[in-house]
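Notes to accompany the following structure.
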2 protein chains.
Amino acid sequence: MRKLFEAKLQQVGDDLVTMSKMVEVAVEKAGQALLTADLSLAQEVIAGDRLIDVLQRELDERCVLLLAQQSPVATDLRLVVSALRMSMTLERMGDLARHVAEVARSRYPGKAIRPAEEATFAAMVTAARQVSGEVVTLLETRDLELAAAIERDDDVLDDLHAETFAALLAPRWDGTVQEAIDITLVGRYLERFGDHATTIARRIVFLVTGEPNTPIVG
Amino acid sequence: MRKLFEAKLQQVGDDLVTMSKMVEVAVEKAGQALLTADLSLAQEVIAGDRLIDVLQRELDERCVLLLAQQSPVATDLRLVVSALRMSMTLERMGDLARHVAEVARSRYPGKAIRPAEEATFAAMVTAARQVSGEVVTLLETRDLELAAAIERDDDVLDDLHAETFAALLAPRWDGTVQEAIDITLVGRYLERFGDHATTIARRIVFLVTGEPNTPIVG
């Protein structure tokens, strides 16, 4: 019985890792689509988001079955409940990657991001991919140093996000209103990756250490 | 045993209703703060969001205890799992109300929304409060007609959201970049109320009818 339970719990953990890898790929591709005005890459992310949604539902269904058939308690129960929550967060990260891809698609064959802001957005994409990759490894290893790294990288994203507003509000800003809207929205989408990754990091820290939850971001 | 379980399940349901009422009040106040540049109202929403967060954690803790102590199955189990998910969604709606209030606070004593866009944003606030109020009643009654009404009101919010972009992109637009940023962000925050309310509506429909989940929004 215990062995069967552990196998099923392992499967839930594996599903979370799979979802997080799909998210990492999605943000990477969405960022590329945004920065290089790559329509087919954008379409791929938009279509691929459905797969993340399907995986979330399968994972959630597996968690509900696990709860129904095994009635886990204590740490095992917390693991399953955390998986249910983290799957929602990962699904949301997939949506955000899709939103970035949708902006890229709307502006095609033009670019949503002007050359003047390209460096900042390239850095945001890198940081969003970075936290997403750290989430994959954190889910695989539960290495608490990674959880701390995620919080630091969330700060990097916040700083870069502030830079996008500074660029928009600088006297030298000479972009169009559409460009201001795109910068505002894409900046917000990318910045949210850090918040969601931090939420997952804190859940893992709680699972591993049992320390009371620090305030949940976002 | 069954009676105790039902009392606890009822408590979880009551907590969800309480959370949803707090969200409804928060969006109402945040909208007022935004439209009338009312600083104390904005502060109230920002401070009050912590209470929603605390309530969410208590509710989640109650759900975990319920799962651990009662090992519910079938419909009961789905109720508890849905409550865990809906509490996340309600908590997120509270965050969005806080974000609206934060924009209002940042612009004080000025107004974030110019007179030209005030009517559209007043309508968005009304619609966001409307869906939030419908969520309260839906959680209390599980009346499926309300679930349908929420989907319609989400469409209203989407249309109003499109209006804000149309205003920004019209040749007559003569606002500042800061105003364009505020309109973009606040429009997005308010529009998200519709998505979240729809997510809750679909979860309730699923609980009541057992019909396979329609695609989850947001």
Checklist entry - Assuming a viscosity of 1.002 mPa s and a temperature of 20 °C, what translational diffusion coefficient in µm² per second does Stokes-Einstein assign to the stretch B:69-197, Rh being the Kirkwood radius over Cα pairs? => result 132 µm²/s
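Go ahead and estimate [θ] at 222 nm for chain A from helices alone: -39,500 (n - 2.57) per DSSP H run with n ≥ 4, summed, over the residue count, rounded to 500.
So the helix-based figure for chain A works out to -31000 deg cm²/dmol.
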Item to check | Label-point separation, A:GLU118 to A:SER106 (7 Å along Cα→Cβ), nm | outcome: 2.2 nm
Checklist outcome for this item: Scalar couplings 3J(HN,Hα) for the stretch A:91-101 by Karplus 6.51 cos²θ - 1.76 cosθ + 1.60 (θ = phi - 60°), nearest whole Hz, x for Gly and Pro, are 4, 5, 5, x, 4, 5, 4, 4, 4, 4, 5
Checklist entry - Where does the stretch B:114-184 land on Rg/Rh, using Cα atoms and the Kirkwood Rh? => result 1.12
Item to check | Per-residue average of Cβ from other chains inside 10 Å of B:22-35 | outcome: 0
Checklist entry - Average projected area of the Cα convex hull of chain B, in nm²? => result 12.0 nm²
Checklist outcome for this item: Taking max minus min of the Cα coordinates of the stretch B:55-144 on each principal axis, largest first, gives extents in Å of 55, 29, 13
Item to check | Position A:THR209, label points 7 Å along Cα→Cβ, spacing to each other copy in nm (shortest first, one decimal) | outcome: 4.6
Next on the checklist: If you take each beta carbon of peptide B:177-188 and count the beta carbons of other chains within 10 angstrom, what is the mean?
Outcome noted: 5
Checklist entry - Shortest first, in nm, what separates the label point of B:ARG172 from those of the same position in the other copies (7 Å along Cα→Cβ)? => result 3.5
Next on the checklist: If you consider only alpha-carbon coordinates, what radius of gyration and Dmax does the protein assembly as shown have, in Å?
Outcome noted: 21.5, 70
Next on the checklist: Nearest 100 Å² is fine: what is the total accessible surface buried where chains A and B meet, probe 1.4 Å?
Outcome noted: 3300 Å²
Next on the checklist: If I take the Cα coordinates of the stretch B:141-218 and project them onto the principal axes, what are the three extents in Å, biggest first?
Outcome noted: 51, 21, 16
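Compute the relative contact order of the stretch B:102-206 as a whole-number percentage, counting only Cα pairs closer than 8 Å that sit 6 or more residues apart in sequence.
41 percent
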Next on the checklist: Working only with C-alpha atoms, what are the Rg and Dmax values of the stretch A:1-86, expressed in angstrom?
Outcome noted: 16.3, 53
Checklist entry - Sorted by accessible area (1.4 Å probe), largest first, how do A:GLU140, B:GLU28, A:GLU134 line up? => result A:GLU140, B:GLU28, A:GLU134
Item to check | Nm distances between copies for A:SER40, ranked from closest, using label points 7 Å along Cα→Cβ | outcome: 6.2
Item to check | Of all accessible heavy-atom area on chain B, the percent that carbon and sulfur account for (1.4 Å) | outcome: 54 percent
Next on the checklist: List, by residue number, every residue in the stretch B:84-101 with a reduction of 30 Å² or greater in accessible area between the chain on its own and the complete protein assembly, 1.4 Å probe.
Outcome noted: B:LEU84, B:ARG85, B:MET88, B:ARG92
Item to check | Where the protein assembly as shown is the region considered: accessible area per residue in Å², 1.4 Å probe | outcome: 41 Å²
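The values are calculated or read from the model by the stated rules, or taken from the named source; none is laboratory data. These numbers were taken from a predicted model, which means no experiment stands behind them. Note that each Cβ is placed from the backbone with ideal geometry, even for glycine, and that neighbours are counted across all protein chains shown. Keep in mind that these areas ignore ligands, DNA and RNA; they rest on the heavy atoms of the full protein, side chains included. Shrake-Rupley method; radii C 1.70, N 1.55, O 1.52, S 1.80 Å.
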